[in-house]
Amino acid sequence: MINPMLTPWLVAAVPLLGALLGLAVWSQPEKLKAWSVTVTLASLLAVLVNFFRLTESTEGLLFVLLLPLAACVSLLGQPVHRDHRLAWVVTLVFLGLGLGILTLPSPVGSIALTLILGLITCLLYWHHDPFWGPSWLGIGTYGLGTLCAGIAAMTDSAIPSLLTCAILLPLVPFHHGYVAALTRLPGSLPPFTVLLLPAIGLHRVAAVFSTLPNMVTSAVILLALSGALYGAIKALAQSRVRLLLAYGSLSFFSLLWWFVATLRTVRPQAAVFLGSLALVTGGLLLAWQVIRTRYGDDVDPRAISGLAAQMPQFAVLISLLALAAMGLPPFGVFAGFMGLLFTSPLTLSIAPFVVAITWLATSWYILDLVQRLLFGRKRPDLRYEDLRQSEFASLLIVVIIMFALGLAPTNLFEGAPRSTGTGAIMEPVSWNR
């Protein structure tokens, strides 16, 4: 019988050990990718086997389940290439550290968070995408996050903890690191970090708000509403798909900040909303990776059309992802958002207006992107190739998870013990109303 106190350590150790052993096949990219996917599945199995033990030691239970799935999906959707090897190994390292942050006691989790932010800072500096170049604002933002996380670990101060959360779960004006991570990190890292970092931020933010004065909370509410409008407008102005997705998800994450700051706590619906939004954003990033694999990293989306007839599998899956990203039922984004909306008081008269503008803007740019890709004139100069097996599997898994989060029974987590740890998500209530 394994000591329950050791269970979180074992769950976090599986991907870390897998990353270390993966170095043995570093010179063989195909084997390294296959091994990395296998490790994520083993990590998921470790979580499921120890599910009930983890409910006693972690607040972010939903994220503990979603992180191995997100890592698996992000790895599956990448083409086999020597340049992606570092990203595959780092994905496993981040998975292990992320599980440690969600399941281990606060001092250890804070050290792991400092390591993640420091590694991302180094990756943005040393291994940036040649098409984009280095992002000094992103590097500086994550450098600040590393410093704040280190200070928070040593002093348990509320302000450094709040700044760290604002960088992890992006809040204007501390969003530049998030945008850089989605657009400039290599390989499988953007579709994975889009869930990893905001999940950690939400996991830690509840305890922070319980100690903040009302003036600081009011400032966060103002920044959240401003950030929702800013992200929506910036997304509408983008011609590059990854920037469009980065600013569009920033807009919705800002709405989540508004809900959390208004309630001064984190409800389970917030975890459903964040997990669904992050996964569907990662799915759209993977769908765009399909286009990049076939037509190059610097392809202009306006130059691609007529995919619906020539790539039917891709067309169906990206259409479902688009519906989920727009916040339509029966997907998880809709279920989580409606659950938050019906349990949160609209204390500011401008809040419903901001929510409506954000929702309409999302519908517009997602529909416009998908319509341009799928329909229009078939171009004889383009090579049309439908989804490969690994690409199809990755997108299909995301769609299935979106359905599952949207249709999950309302009492799924009832009976889980109330958490008392740092960054606690409060006692479960029904997800869907």
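For the subset of region 72-94 comprising residues that are of a type in the set (Val, Ile, Thr) and more than 17 Å from the chain's Cα centre (by Cα), which member is modelled with the highest pLDDT?
Among residues in region 72-94 that are of a type in the set (Val, Ile, Thr) and more than 17 Å from the chain's Cα centre (by Cα), the one modelled with the highest pLDDT is VAL89.
Quick one: ARG292 ticks every box in (1) farther than 28 Å from ILE357 by Cα; (2) touching a residue at least 24 places away in the same chain (Cβ under 8 Å) except a single one, so which number is it?
With respect to (1) farther than 28 Å from ILE357 by Cα; (2) touching a residue at least 24 places away in the same chain (Cβ under 8 Å), ARG292 is out only on (2).
Report, by residue number, each residue of region 167-190 that is over 14 Å from the mean Cα position of the chain (by Cα) and free of Cβ contacts under 8 Å to residues at least 60 places away in the same chain.
Residues satisfying the conditions are PRO173, PHE174, HIS176.
Among the residues of region 400-421, are any at pLDDT below 85, β-branched (Val, Ile, Thr) and assigned to a loop (DSSP other than H, G, I, E, B)?
Here is the first cut: in region 400-421, the residues at pLDDT below 85 are 408-421.
Now narrow it down to the ones that are β-branched (Val, Ile, Thr): 410, 420.
Right, trim to assigned to a loop (DSSP other than H, G, I, E, B) and you get 410, 420.
Checking region 400-421: at least one residue is at pLDDT below 85, β-branched (Val, Ile, Thr) and assigned to a loop (DSSP other than H, G, I, E, B).
Considering only region 230-242, state which residues are more than 14 Å from PRO170 (Cα to Cα) and of a type outside the set (Gly, Ala, Ser).
Residues satisfying the conditions are ILE233, LYS234, LEU236, GLN238, ARG240, VAL241, ARG242.
Scan region 382-397 and tell me whether some residue there is in contact with a Pro (Cβ under 7 Å, 6 or more places away or on another chain), of a type in the set (Val, Ile, Thr) and either farther than 26 Å from VAL241 by Cβ or at pLDDT 90 or above (or both).
Checking region 382-397: not a single residue is in contact with a Pro (Cβ under 7 Å, 6 or more places away or on another chain), of a type in the set (Val, Ile, Thr) and either farther than 26 Å from VAL241 by Cβ or at pLDDT 90 or above (or both).
Is there any pair linking a residue in region 16-34 that is under 19 Å from SER394 (Cα atoms) to one that is surrounded by 14 or more Cβ atoms within 10 Å (Cβ to Cβ) and among the small types (Gly, Ala, Ser), with Cβ under 6 Å and at least six apart or on different chains, and which?
Every condition considered, the pairs that remain are LEU32/GLY22.
Among the residues of region 135-152, which ones are modelled with pLDDT under 90 and buried (at least 21 other Cβ atoms within 10 Å of the Cβ)?
Correct list: SER135, ALA152.
So which of ILE151, ILE101, ILE139 is under 16 Å from the mean Cα position of the chain (by Cα) and part of a helix (DSSP H, G or I)?
Exactly one of ILE151, ILE101, ILE139 is under 16 Å from the mean Cα position of the chain (by Cα) and part of a helix (DSSP H, G or I), namely ILE101.
For region 258-281, how many residues are more than 15 Å from the chain's Cα centre (by Cα) and of a type outside the set (D, E, K, R)?
10
Exactly one of these conditions fails for SER430: (1) at pLDDT 80 or above; (2) hydroxyl-bearing (Ser, Thr, Tyr); (3) farther than 26 Å from ALA71 by Cα. Give me its number.
Going through the list (1) at pLDDT 80 or above; (2) hydroxyl-bearing (Ser, Thr, Tyr); (3) farther than 26 Å from ALA71 by Cα, SER430 breaks only (1).
State yes or no: is TRP288 farther than 30 Å from PRO79 by Cα and either under 11 Å from the mean Cα position of the chain (by Cα) or in a helix (DSSP H, G or I) (or both)?
On the way: farther than 30 Å from PRO79 by Cα: no; either under 11 Å from the mean Cα position of the chain (by Cα) or in a helix (DSSP H, G or I) (or both): yes.
So TRP288 fails the test.
Among the residues in region 259-276, are any in a helix (DSSP H, G or I), buried (at least 24 other Cβ atoms within 10 Å of the Cβ), in contact with a Phe, Trp or Tyr (Cβ under 6 Å, 6 or more places away or on another chain) and among the aromatic types (Phe, Trp, Tyr)?
Checked against the condition, which is being in a helix (DSSP H, G or I), buried (at least 24 other Cβ atoms within 10 Å of the Cβ), in contact with a Phe, Trp or Tyr (Cβ under 6 Å, 6 or more places away or on another chain) and among the aromatic types (Phe, Trp, Tyr), region 259-276 yields at least one hit.
The values are calculated or read from the model by the stated rules, or taken from the named source; none is laboratory data. Note that the structure is a prediction, hence the values are computed from the model and not measured. Cβ coordinates were reconstructed from backbone atoms using ideal geometry, including for glycine residues, and neighbour counts include every protein chain displayed.
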